[in-house]
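Worksheet: one structure, shown below.
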Amino acid sequence: MSYLFLTSGEPAGIGPDLCLQYSQTERPHQVVVLADISLLEQRAKLLQLNCKLLPWVPGDKATQLAGTLSVFHIPLRAPCSAGTLDVANAEYVLAQLEQSVAFVNSTRGAIVTCPVHKGILNDSGINFSGHTEFFADRAGVEKVVMMLACEKLRVCLATTHLPLKDVANAINGPELKQTLTIIHDSLQKQFGIAEPRLSVCGLNPHAGEGGHLGLEEQQIIEPALDELREAGLTLVGPLPADTAFTPRALANIDAVLAMYHDQGLPVLKYAGFGDAVNVTLGLPFIRTSVDHGTALDIAGTGSANCGSLRCALNYAATMSANSIF
């Protein structure tokens with residue numbers, strides 16, 4: 001029996017709203033929401049949504065009926081109001097993530113995450129840089145890769161949540177080779193792509209302009225790509241980032257590797273915001289997420305759109321079906 005374990009995320013944000021909106025239609029997947037049942041009841045009343053919340057016990061079938069939701073209860077640490085952050089509930093958010101890992105390690109399935117508020121977690125004393133890093137640590141893996149994907153584009157990151165001033169020093173040959181190998185293997189084993197074709201952005205404008213605008217391409221990126229090509233990977237680049245995302249450059253490309261967060265993700269979010277999915281590659285289990293934040297300003301108003309959550313759940317289910325671990 002394969003489950004999708006859905007963490008509801010920051011309780012003051014739109015995560016609970018998204019879970020309840022998703023419950024309103026019949027669905028093909030067995031989704032188990034990790035949340036405080038009383039919080040969901042409170043939010044359902046606020047949103048004027050009818051939803052029967054069914055306590056879930058490991059091993060039970062999860063409901064797939066419209067207007068119902070299977071919930072594994074995790075208690076809030078303090079009362080919660082939509083839109084109002086409280087450091088007291090940071091442990092509640094962390095407990096969802098810890099429990100999702102425990103479940104996915106003991107059952108067949110995948111983890112799908114609603115957004116958390118990294119600032120409030122860190123303000124509470126929890127050292128938290130992101131879901132990606134958290135799941136890598138809990139899985140005991142040295143390296144994972146963040147991918148965002150929509151219908152027409154997949155973008156992976158060589159570096160993730162770093163200040164821009166630290167990016168160049170974080171890029172090196174061994175890390176790049178490991179990153180590209182993870183992407184290549186994941187596309188084969190979880191996406192069913194037999195011979196992935198990857199495009200790689202340069203770090204500097206014009207991919208270094210032959211060394212006139214930086215030497216990282218000549219000294220680090222190109223040698224790493226050449227070694228991987230000799231090992232059988234199909235790689236294009238390094239390409240200037242301002243042309244790497246044109247239709248011509250993307251033709252027959254299965255994924256693009258950007259060197260840093262804001263080099264690749266603005267393009268992806270422009271192409272598919274609201275329908276994009278965050279995927280963590282390199283884990284011993286499947287993890288996907290929505291492509292947006294907690295949206296505290298619209299929590300509890302009914303304005304949230306569960307399109308990205310629906311895509312994340314569908315993506316996780318498809319990857320589960322294709323996976324060879």
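The values are calculated or read from the model by the stated rules, or taken from the named source; none is laboratory data. All values derive from a computational prediction rather than experimental measurement. Positions of Cβ are backbone-derived with ideal geometry, glycine not excepted, and every protein chain shown enters the neighbour counts. SASA here: full protein model, heavy atoms, side chains in, ligands and nucleic acids out. Shrake-Rupley method; radii C 1.70, N 1.55, O 1.52, S 1.80 Å.
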Unmet requirement for A249, which otherwise passes all of (1) surrounded by 15 or more Cβ atoms within 10 Å (Cβ to Cβ); (2) part of a helix (DSSP H, G or I); (3) in contact (Cβ under 8 Å) with a residue 60 or more places away in the chain: (3)
Residues of region 1-29 that turn out to be within 18 Å of G109 (Cα to Cα), open to solvent by less than 30 Å² (accessible area, probe 1.4 Å) and either among the polar types (S, T, N, Q) or in contact with a His (Cβ under 8 Å, 6 or more places away or on another chain) (or both), as a count: 3
Residue tally, condition over 17 Å from H261 (Cα atoms), open to solvent by less than 40 Å² (accessible area, probe 1.4 Å), out of contact with any strand residue (DSSP E or B) (no Cβ under 7 Å at 6 or more places or on another chain) and outside any helix (DSSP H, G or I), over region 197-222: 1
Residue count, region 263-304 (criterion: under 26 Å from Q188 (Cβ atoms), among the aliphatic types (A, V, I, L, M) and open to solvent by 30 Å² or more (accessible area, probe 1.4 Å)): 2
Selection within region 4-60 - of a type in the set (G, A, S), under 16 Å from Q99 (Cβ atoms) and assigned to a helix (DSSP H, G or I): G15
In region 30-67, the residues that are surrounded by fewer than 18 Cβ atoms within 10 Å (Cβ to Cβ) and hydroxyl-bearing (S, T, Y): S38
Residue in region 151-196 that is nearest to A255 (Cα to Cα), counting only those that are assigned to a loop (DSSP other than H, G, I, E, B) and at pLDDT 95 or above: P196
Failed item in (1) closer than 18 Å to V290 by Cα; (2) out of contact with any Lys or Arg (no Cβ under 9 Å at 6 or more places or on another chain); (3) open to solvent by 50 Å² or more (accessible area, probe 1.4 Å), with L162 passing the rest: (1)
